[in-house]
Every structure is written in C-alpha cells, then in structure tokens.
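These notes concern the structure reproduced below.
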C-alpha cells in the first residue's frame with residue numbers, strides 16, 4: 001500500500017511557510033523546494049483458507065423405520081451474512097460512459113467536480129502505462145465542515161503507521177494564520193483489464209498538486225505577499241487498512257489533506273501522466289501531459 005513519509009513532507013511544509021511570506025507591495029517572491037515525497041509501494045498477498053465442516057454419522061440397524069427425521073436448513077453464519085451484505089463494486093456499478101480524456105483539460109478549462117476522466121497509471125505487471133478513471137468528488141474547508149476533516153484525519157491515524165500520524169495542533173503542521181488545512185476527496189475506477197498480479201496491485205492513488213490559475217505562487221489573504229510552494233503540500237491519507245488488497249474492476253475512494261490560503265478558490269488540482277500504452281522505457285517530457293481538475 002502506497003504511503004508517503006508524513007514527517008519528511010510536514011518538515012518541508014513548515015520550511016515553505018517559514019520562508020515564503022514576503023511583505024510589502026511588489027515584494028520579491030522566494031522559491032522554496034517542497035522536497036521529494038518518498039513513496040513506498042507494498043504489494044501484499046492474502047491467503048484465505050476454507051474450513052469445511054464434516055458431519056460423521058453412525059449407522060444403526062433398526063428393525064423398522066416408521067418416519068424419516070425432519071431436515072431443517074442450517075442458519076446462515078455471520079461470516080456468510082456479512083459477505084452477502086457487502087455490495088460488489090464492478091464496471092456495472094461505476095458508470096464511466098461519459099468520461100473525458102484528461103489530456104484535453106487545461107488550468108483554464110479543468111475537468112468539473114464529479115466528472116470522470118482518463119488518466120494513465122503505471123502497471124508493474126507489464127511495465128506499461130494504462131488508463132484508469134479518476135474524478136474529484138469533494139473539497140472541504142474548515143468553514144465548510146471541520147468535523148468532517150477531523151474524521152478523515154482520525155481514520156488516517158487508525159489505518160496508518162506511526163509515521164503516518166497527523167496532529168494539526170503540533171508544530172510539524174504549523175501554518176500561517178491566513179492558511180488552512182483543507183480536504184480533497186477523489187475516486188479511482190480501475191478497469192478489469194488493468195494488468196495486475198493475482199495477489200493485488202499497488203494502491204491506485206493519484207499524485208496531485210494545486211496550481212494557481214493566475215500563475216505563480218498563491219497570494220496571501222491581504223494581498224501583500226506570496227506563498228511559493230503552497231500547492232505542493234499534499235498528504236495522502238490512509239483511507240484503507242494496511243492489509244487491504246487492491247484489485248482491478250473496483251472503484252476506490254481516497255482523500256488528500258492540503259494547504260490553501262483562506263478563502264482562495266481560483267486554483268485547480270493537477271496530475272501528470274503519459275498516454276495509454278506508453279512503455280516505461282519510452283517516457284519523456286515530450287509526451288507527458290497534465291490533467292487538471294476543478295475544485296468546484
């Protein structure tokens with residue numbers, strides 16, 4: 001399951017905010033590198049065992065059988081009941097008939113909130129990029145629903161390792177007064193034909209950043225300074241338990257915690273990709289494209 005090193009990124013985020021607020025009119029913008037995020041891909045295998053129950057019967061000789069015993073149906077076990085109640089996620093359950101090509105979007109004309117779009121992901125099975133379907137479904141600010149954001153963080157802390165723990169009150173997550181932690185939610189539908197080993201695929205998350213539609217850094221709330229690198233502070237929250245097996249043919253929901261200037265909405269989410277069918281040895285900046293998703 002893909003994880004990002006929270007401590008490394010949060011330190012980078014703190015460095016960004018400590019160095020990029022510039023006062024005064026026509027102030028010089030300072031560029032701060034947000035640092036590379038390290039990701040660890042884990043492919044796990046779950047083995048299931050079947051427990052067979054056998055009933056031994058003893059034969060008895062009876063001189064006369066007058067009535068056959070009544071046969072009653074055994075009640076459904078709790079495990080079987082649970083399996084029956086779980087909805088199946090399949091191609092039929094996910095309507096991607098109106099999906100658009102992610103490569104055709106721009107920062108000025110992004111993919112609308114809730115709209116499916118194709119974005120290629122790398123498949124380790126054949127070392128080739130293949131299309132999956134992605135859509136941003138929800139963006140939440142503290143003013144919208146701070147409890148919802150905290151619930152997502154609590155879920156991350158429950159599912160993640162010690163390195164993935166998030167406490168917004170700690171110094172590691174300190175931000176300027178005019179900046180806030182927001183939550184973006186997105187879905188990824190992986191087609192059944194996506195190449196993957198029998199034991200499951202790499203967690204199909206998407207790497208997003210935020211881009212100012214007006215270009216450059218993000219203006220502070222009072223307009224007297226600019227934040228450089230603010231849009232790179234994205235944290236992949238642990239939406240699923242660490243032993244989850246991800247398989248093609250399903251739709252998965254993921255959440256990202258990110259920073260944004262309070263009240264600022266003129267931005268888009270972007271992610272880089274390659275055309276469907278691109279081999280790992282053929283990747284280059286000449287064919288790489290960006291897909292842009294709106295926040296509203």
**Asked** From the list 174, 238, which residue is in contact with a helix residue (DSSP H, G or I) (Cβ under 7 Å, 6 or more places away or on another chain) and closer than 20 Å to residue 138 by Cβ?
**Response** 238
**Message:** Any residue that is touching a residue at least 40 places away in the same chain (Cβ under 8 Å), on the phi > 0 side of the Ramachandran plot and surrounded by fewer than 20 Cβ atoms within 10 Å (Cβ to Cβ) - is there at least one of those in region 180-202?
**Reply:** yes
**Message:** Among the numbered criteria (1) within 18 Å of residue 231 (Cβ to Cβ); (2) touching a helix residue (DSSP H, G or I) at 6+ places or on another chain (Cβ under 9 Å); (3) surrounded by fewer than 19 Cβ atoms within 10 Å (Cβ to Cβ); (4) touching a residue at least 60 places away in the same chain (Cβ under 8 Å), which one does residue 207 miss?
**Reply:** (2)
**Prompt:** Within region 154-167, can one find any residue that is over 30 Å from residue 283 (Cα atoms), loosely packed, with under 15 Cβ neighbours inside 10 Å, more than 19 Å from the chain's Cα centre (by Cα) and at pLDDT 95 or above?
**Reply:** yes
**Message:** On the basis of being in a loop (DSSP other than H, G, I, E, B) and over 12 Å from residue 184 (Cα atoms), does residue 109 make the cut?
**Reply:** yes
**Request:** Filter region 284-295 down to residues that are without any contact (Cβ under 8 Å) to a residue 12 or more places away in the chain and within 20 Å of residue 123 (Cα to Cα) and give me whichever is surrounded by the fewest Cβ atoms within 10 Å (Cβ to Cβ).
**Result:** 285
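The values are calculated or read from the model by the stated rules, or taken from the named source; none is laboratory data. Bear in mind the structure is a predicted one, so any value in this text is a computation, not a measurement. Methodologically, a virtual Cβ is constructed for each residue, glycine included, from the backbone with ideal geometry; neighbour enumeration extends over all protein chains shown.
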